[in-house]
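The values are calculated or read from the model by the stated rules, or taken from the named source; none is laboratory data. Computed from a predicted structure; not experimentally measured. Cβ placement follows ideal geometry from the backbone for every residue including glycine, while neighbour counts extend to all protein chains displayed. What goes into the accessible areas is simple: the full protein's heavy atoms, side chains included, and nothing from ligands, DNA or RNA. Shrake-Rupley method; radii C 1.70, N 1.55, O 1.52, S 1.80 Å.
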Amino acid sequence: MADSLNDADVDAGTGVAMDLLLGPDGDLAFVNGDVVLARGDAGVRQEARLRLSFWLGEWFLDLTAGIDFKGRVFTKPANPVSAQSAFRTELRRTTRVRTVRDVLLEFSGAERRLAVSFNATTVDGTTVEGTVSPEV
């Protein structure tokens, strides 16, 4: 198993291994035929992005994980405060996240797309940022 993708222009992070690293396409990342581990802040970022993409009840190992897209995000009338709160709550459940600093939601009604940008502080004080566009 490879420990770093840094030579392949992909940041796998440093420090404690948290998970198998996923590439930009969502599939497992490989370097020279080896699976790569997500470490440190890269692992936190990856876990946060996955958590924000799960629909509530989608993950069979924890049916309480995920976002209630039907009940809190895609409501009529729209309630941006409730939607943002749902994403903040799920980010706080991410391993090694101490505080959630910012969550920005960008809705595109014409394209039926949602982009969620986040900024969080880890338990060791570093900042982790990311953006995810959940499948809707």
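Given a 1.4 Å probe and heavy atoms of the protein chains only, how would you sort Glu47, Glu135, Glu106, largest accessible area at the top?
The most accessible residue leads, giving Glu135, Glu106, Glu47.
Tell me the label-point distance for the pair Trp55, Val136, using the 7 Å Cα-to-Cβ offset, in nm and rounded to one decimal.
Between Trp55 and Val136, the label points sit 1.4 nm apart.
Suppose R0 equals 41 Å; then what is the FRET efficiency for Asp102 and Asp34 from their Cβ-Cβ distance, rounded to the nearest 0.05?
Approximately 0.70, to the nearest 0.05.
Ordering Thr75, Thr127 from largest to smallest accessible area (1.4 angstrom probe), what's the sequence?
Thr127, Thr75
Using a 1.4 Å probe and counting only protein heavy atoms, arrange Phe74, Phe118 so the residue with the most accessible area comes first.
Phe74, Phe118
Could you check how much of the accessible area of segment 43-129 is carbon and sulfur, as a whole percent, using a 1.4 Å probe?
Carbon plus sulfur share of accessible area: 53 percent.
Please compute the length gained on full extension between Thr89 and Glu111, using 0.36 nm multiplied by the number of residues separating them and subtracting their Cα-Cα distance.
5.3 nm is the gain from fully extending Thr89 to Glu111.
Which whole-Hz ³J(HN,Hα) couplings does segment 30-43 yield from phi under the Karplus relation 6.51 cos²θ - 1.76 cosθ + 1.60, θ = phi - 60°, glycine and proline marked x?
10, 10, 6, x, 9, 5, 10, 9, 7, 10, x, 5, 5, x
When the dipole is taken about the Cα centre of the chain, and only Lys, Arg (+1) and Asp, Glu (-1) are charged at their Cβ, what size is it in debye, to the nearest 20?
Charge dipole, the chain, about its Cα centre: 840 debye, nearest 20.
Could you give me the ³J(HN,Hα) list for segment 125-136, computed from phi with Karplus coefficients 6.51, -1.76, 1.60 and θ = phi - 60°, whole Hz, x at Gly and Pro?
Each residue's phi maps through the Karplus curve to give x, 7, 9, 10, 10, x, 9, 9, 10, x, 6, 10 Hz.
Modelling each spin label as a point 7 Å along the Cα-to-Cβ direction, I'd like the Leu63/Thr75 distance in nm, to one decimal.
2.3 nm
Over segment 8-136, what is the relative contact order in percent, taking alpha-carbon pairs closer than 8 angstrom and at least six residues apart?
Once normalised by length, the contact order is 18 percent.
Can you give me the long-range amide H partners of Leu21? Hydrogens built in the peptide plane at 1.01 Å from N, cutoff under 5 Å, separation of 5 or more residues or another chain.
Amide H neighbours of Leu21, under 5 Å, 5+ apart: Ala29, Val36, Leu37, Ala38.
Determine the gain in length on full extension of the stretch Glu129-Thr14; use 0.36 nm per residue of separation and subtract their C-alpha separation, reporting nm with one decimal.
Contour length minus the Cα-Cα distance gives 39.8 nm.
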